[in-house]
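Novice: Can you read through this structure? Questions will come right after.
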Amino acid sequence: MKYDGYLIDLDGTMYLGSEPIPEAPGFIEKLDQAHIPYLYVTNNSSKTPEQVAATLRKFDIPATTDQVFTTSQATVQFMLEQVDREKTVYLIGEEGVRHEIEQAGFVLTADNPDFVVMGIDREINYEKLATATMAVRAGAMFISTNGDAAIPTERGLLPGNGSITSVVTVATGVKPIFIGKPEAIIMEQAIAKLGVKKERVIMVGDNYETDILAGIRYGIDTLIVHTGFTSPEQLAKKEVQPIHRVMNLSEWELE
């Protein structure tokens, strides 16, 4: 089947931490040559879309800012829809999510915020977690950019935002609203941005628990590539399989 649009994961699919994945540039070049639209969809909330696009270009992968859709963007879009709440936020996170929140006119505060937003924070400490816990207990809407328990890097699998978020979940007994893959929130927004009919879109990624489950749950076709998180042996144990699988993206034919 020829697909009219592609949603493409980044870490583990286009690159691995700070290391390139050799087959990625050729895959994107084929999409460009065929004039097939695509959107890079990432659960990484630490970088702005401009920074993500620059990282891709550093690896010789074509990318513009408009072709990037981050979980930070999806988080802010969701928050803007909560019209019954004030635009005050206590944030645990890095530059990417902070930039999107501030650009949308939200005020960052630890004083009785209407939202608590948690994204990956590699300078996390007890006081940040304590402040988030108190705000959630006081009634703030609890949002997490993504539930990734671990993230693939050149060093191996390291703690992800889901692991950090779980501390506040356990401390409060409140489950957050997760925005990123495999949740429907980011998928619906991404497909709307891509502008292609849902039934003609395919999700490409390396992580069964996020990328592939996102496609399965949202009802679009999926392609798993074994260059990152999920190994062939792990995939074989899954009850619901992706529609397509390849060892690397050079094996994929567009039709």
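Novice: Given the residues Glu255, Glu209, Glu199, which is the only one that is closer than 24 Å to Lys2 by Cβ, in contact with a Phe, Trp or Tyr (Cβ under 9 Å, 6 or more places away or on another chain) and either part of a loop (DSSP other than H, G, I, E, B) or open to solvent by 60 Å² or more (accessible area, probe 1.4 Å) (or both)?
Specialist: Numbers: Glu209 fails: closer than 24 Å to Lys2 by Cβ; Glu199 fails: in contact with a Phe, Trp or Tyr (Cβ under 9 Å, 6 or more places away or on another chain).
Exactly one residue qualifies, and that residue is Glu255.
Novice: Test Val136 against the stated conditions and say whether it is in contact with a strand residue (DSSP E or B) (Cβ under 9 Å, 6 or more places away or on another chain), in a helix (DSSP H, G or I) and of a type in the set (A, V, I, L, M, F, W, C).
Specialist: It is true that Val136 is in contact with a strand residue (DSSP E or B) (Cβ under 9 Å, 6 or more places away or on another chain), in a helix (DSSP H, G or I) and of a type in the set (A, V, I, L, M, F, W, C).
Novice: Let me ask you something else. Quick check on my filter: what residues within region 168-192 are under 15 Å from the mean Cα position of the chain (by Cα) and open to solvent by 30 Å² or more (accessible area, probe 1.4 Å)?
Specialist: Passing the criteria: Ile177, Phe178, Glu183, Ala184, Ile185, Glu188.
Novice: Say whether the condition of being of a type outside the set (Val, Ile, Thr), under 20 Å from Lys175 (Cα atoms), open to solvent by less than 60 Å² (accessible area, probe 1.4 Å) and not in a helix (DSSP H, G or I) is met by at least one residue in region 71-84.
Specialist: Taking every residue of region 71-84 in turn, at least one turns out to be of a type outside the set (Val, Ile, Thr), under 20 Å from Lys175 (Cα atoms), open to solvent by less than 60 Å² (accessible area, probe 1.4 Å) and not in a helix (DSSP H, G or I).
Novice: Being buried (at least 17 other Cβ atoms within 10 Å of the Cβ) and not polar (S, T, N, Q) is true for just one of Gly93, Gly105. Which residue is that?
Specialist: From the options Gly93, Gly105, the qualifying one is Gly93.
Novice: Would you pick out the residues in region 219-247 that are modelled with pLDDT of 95 or more, in a loop (DSSP other than H, G, I, E, B) and within 11 Å of Thr13 (Cβ to Cβ)?
Specialist: His226
Novice: In region 20-53, which residues are touching a Ser or Thr at 6+ places or on another chain (Cβ under 9 Å) and open to solvent by 20 Å² or more (accessible area, probe 1.4 Å)?
Specialist: Pro22, Glu23, Gly26, Asn44, Lys47, Glu50
The values are calculated or read from the model by the stated rules, or taken from the named source; none is laboratory data. Keep in mind it's a predicted model, so treat the numbers as computed, not measured. Every residue, glycine among them, receives a Cβ derived from its backbone with ideal geometry; neighbour counts consider all protein chains shown. To get the accessible areas, we keep the full protein, side chains included, count just its heavy atoms, and leave off ligands, DNA and RNA. Shrake-Rupley method; radii C 1.70, N 1.55, O 1.52, S 1.80 Å.
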